[in-house]
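Below is one structure; the comments refer to it alone.
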Amino acid sequence: MKPMHILTVLLLAPLALHALDYPHITAEPQKTGWPLTAEERAYITEKPEHDRRPGRESNKHLPQFWPQVPSAGFFGGDAWLKLHEAHVKTVQDNKSPVDVLLVGDSITIQWGESWKKHFPERKAVNIGIGGDKTQNVLWRLDHGGVEGLQPKAIVLMIGNNNMFFTPETGIEAAALGIQMCVKNLREKFPVAVIVVAKILPAHAPGNRFYEDIKKTNAALDPLKLDSAAKVHVLDLWSDFTNADGTIRKELFTQDGIHLAPAGYAAYAGRLNPILKTIIP
């Protein structure tokens, strides 16, 4: 190999390296890092997510790997990427220590005014994106989504949108996707306390979505996420359901998925004691 070619390989190598062992290597041109190369940007904005799933590069159907392998989201064109870019800018503007990093999907990003009301003294950076699955969070964490932050605590709630795909991926894969997000966050923030909130109930007993959420939460238990130092698992199921298993409608919006202000108050009531032990 010519010296110039060796230099090129060495310069590009960090883009393909990662300390985490993901269970599958996709054809994605830029595995980590920010800003994105032109090749990576085209790859994620011109290919719908289903065309970038693990296995598509070799014409194989490998749904068991989807939740555990980073993949950028896709709303059409660069719409999803623009949301990520906005979060990257927020992160870059908050490189000093912050109290809490909020990671997740629409339930996380919609904390909004409820966070200010219930945690007025807790400086938070919120990087939730509606519709995100575990694999989308993994991609964002690996592509500038938290670079430079110094959070004392991290609150992760993710997995609801993975339920759309559990008929293909299976329940265990969804739980392993949540575990992989925890591993990724621990790698990046070795001293921060991580609070893993289990998936909130949605819809009603008997509904496949509801039942798969319940099964996924149960599948997290044998993974023993909280056996690691500075990891707390927060199970909110009983706070958001009645004795017969139905959801407490006053805590949810009409769709039976997202939270009403009363829902965020209930969430805050369980989260606050944990944060107080971390951030007096």
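Before moving on, here are some points about what is shown:
Every residue, every condition in (1) in contact with an Asp or Glu (Cβ under 7 Å, 6 or more places away or on another chain); (2) farther than 25 Å from residue 140 by Cα; (3) without any contact (Cβ under 8 Å) to a residue 40 or more places away in the chain; (4) in a helix (DSSP H, G or I), yes or no:
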site	(1), (2), (3), (4)
176	no, no, no, yes
181	no, no, no, yes
203	no, yes, no, no
211	no, yes, yes, yes
215	no, yes, no, yes
262	yes, yes, yes, yes
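- Under the condition of being part of a helix (DSSP H, G or I) and either aromatic (Phe, Trp, Tyr) or buried (at least 22 other Cβ atoms within 10 Å of the Cβ) (or both), the residues counted in the range 109-139 number 7.
- When the range 37-81 is filtered for residues that are touching a residue at least 60 places away in the same chain (Cβ under 8 Å) and among the hydroxyl-bearing types (Ser, Thr, Tyr), only 71 remains.
- Looking only at residues in the range 75-97 that are of a type in the set (D, E, K, R) and assigned to a helix (DSSP H, G or I), the one that is surrounded by the most Cβ atoms within 10 Å (Cβ to Cβ) is 85.
- Only listed residue being closer than 28 Å to residue 120 by Cβ, in contact with a Gly (Cβ under 6 Å, 6 or more places away or on another chain) and at pLDDT 95 or above, chosen from 275, 251, 234, 271: 251
- The number of residues in the range 140-162 being of a type in the set (A, V, I, L, M, F, W, C) and not in a strand (DSSP E or B) comes to 4.
- Consider the range 217-231 and keep the residues that are loosely packed, with under 13 Cβ neighbours inside 10 Å and not in a helix (DSSP H, G or I). The one that is modelled with the highest pLDDT is 224.
- Close pairs from the range 223-246: first free of Cβ contacts under 8 Å to residues at least 60 places away in the same chain and within 15 Å of residue 193 (Cβ to Cβ), partner part of a helix (DSSP H, G or I) and among the β-branched types (Val, Ile, Thr), Cβ under 6 Å, at least 6 apart: 225/182; 232/274
Conditions tested, residue by residue: (1) buried (at least 17 other Cβ atoms within 10 Å of the Cβ); (2) modelled with pLDDT of 95 or more; (3) over 27 Å from residue 150 (Cβ atoms); (4) in contact with a strand residue (DSSP E or B) (Cβ under 7 Å, 6 or more places away or on another chain).
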site	(1), (2), (3), (4)
14	no, no, no, no
26	yes, yes, yes, no
67	yes, yes, yes, no
73	yes, yes, no, no
99	no, yes, no, yes
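- Per-region count, the range 35-69, residues closer than 15 Å to residue 169 by Cβ and part of a loop (DSSP other than H, G, I, E, B): 7
- Tally, over the range 103-130, of residues that are hydrophobic (A, V, I, L, M, F, W, C), touching a residue at least 40 places away in the same chain (Cβ under 8 Å) and under 18 Å from residue 73 (Cα atoms): 4
The values are calculated or read from the model by the stated rules, or taken from the named source; none is laboratory data. The structure presented is a predicted model; accordingly, all values stated were derived computationally and were not measured. Counting neighbours? That spans all protein chains shown, and the Cβs are built from the backbone with ideal geometry, glycine included.
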